[in-house]
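Asker: Submitted below is the structure of interest, expressed as C-alpha cells.
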Amino acid sequence: MSVRMPRFILLILSFIITLPLVAQSPAWSAMQRGNEAYRQGHYAEAEKCFLQLLQQQPDYAAAHYNLGLAYMGQQQTEAALKSFEEAIQHATEEDLAARAWHNIGVIRQGQALTDAANHTSYIRQAAEAYKESLRLHPSDDETRYNLALCQEQLRQEQSQQQQDQQDQQDSSSSQPQDQPQESQDPTQQLMNLAQRAEDDTRQKIQDARAQQRNLDKNW
C-alpha cells in the first residue's frame, strides 16, 4: 500500500516579481541573484540574497515568500514558517498568500510525520492552513487533496480513540464478573488470569485486523 506524501507548491521565483522593482537597482539585482541561486539548488546563497533584498524593502511579500522557499530547501522549517507568515502579512495578491498558506500546511504535515506526541495537533494545524489557502484559491486541486488527506487522518484517529474508550469500558464492566473470590482455589485463580490474558490478546488481534481492513478500504 503506497501513501502519497504531501506536495509542495514551489512557485517559480522569477514569476513572482509583482511589486515594482527598478531595473538594475540593488533590490532588483538581489532578487535576480536569489532567483538564479535557488534554481541551481544553492539555497544558502539564495537565502543571503533575499535577506539582502528585505533589508532594503522589508515589506516586500514576494521576497519573504522566496526566502521561505530557500529555508525549506535547507530543511529549516521554523524559519520557513516565519517567512511564509510574513509573506501573508504583507501580501497584496491573494495568489501569493494562498501559496504561502499551502506551504505552511505542507510543513505542518511533515512535522506530524516525525513528532508522534504532537501528531494530531500538527495535522489540525495543517488542515487549517489548507483551508485558509482554499479560501483564497478555491480551485487549487493540490491544496484540496492535502486537506482531504488531513481530514481522513483525523477521522481515523478519532475512530481509534472511540474504539479504545469502548474497549476500556467493556473491560471495566466485565471485571467484577471475572474477579476471583477470595475463597477460590489458587489453581483456579491462575486459570482465570490466563483466560483473561488470552481474551485480551485475541481482542487486540481482531482490532488490528479490522484497522488494517479499514486502511486498505480507504486507500
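Asker: Which ordering of Thr92, Thr143, Thr77 is given by a fewest-first count of other beta-carbon atoms within 10 Å? Show your work: numbers first, answer last.
Answerer: Working: Thr92 11, Thr143 26, Thr77 16.
Neighbour counts put them in this order, fewest first: Thr92, Thr77, Thr143.
Asker: Order these by the 10 Å Cβ neighbour count, fewest first: Glu78, Glu132.
Answerer: Numbers: Glu78 10, Glu132 19.
Placing the least packed residue first, the sequence is Glu78, Glu132.
Asker: Based on the alpha-carbon gyration tensor of the range 13-151 and its eigenvalue square roots a ≥ b ≥ c, which shape applies: rounded if a/c is under 1.5, prolate if not and a/b is larger than b/c, or oblate? Don't skip to the answer; put the middle values down first.
Answerer: Working: a/c = 2.46, a/b = 1.68, b/c = 1.47.
Because a/c hits 1.5 or more and a/b exceeds b/c, the range 13-151 counts as prolate.
Asker: Another question, if that's okay. How big is the dipole moment of the range 23-123 about its Cα centre under a simple scheme where the beta carbon of each Lys and Arg is +1, that of each Asp and Glu is -1, and everything else is neutral? Debye, nearest 20, please.
Answerer: On the way: 6 positive and 11 negative charges, 43 e Å.
The calculation lands at about 200 debye.
Asker: Asp141 versus Thr114, label points 7 Å from Cα toward the beta carbon: distance in nm?
Answerer: So the label points at Asp141 and Thr114 sit 3.0 nm apart.
Values in this text are rule-based calculations from the coordinates and carry no lab data. Predicted model only: the values in this text are computed from it and were never measured. Positions of Cβ are backbone-derived with ideal geometry, glycine not excepted, and every protein chain shown enters the neighbour counts.
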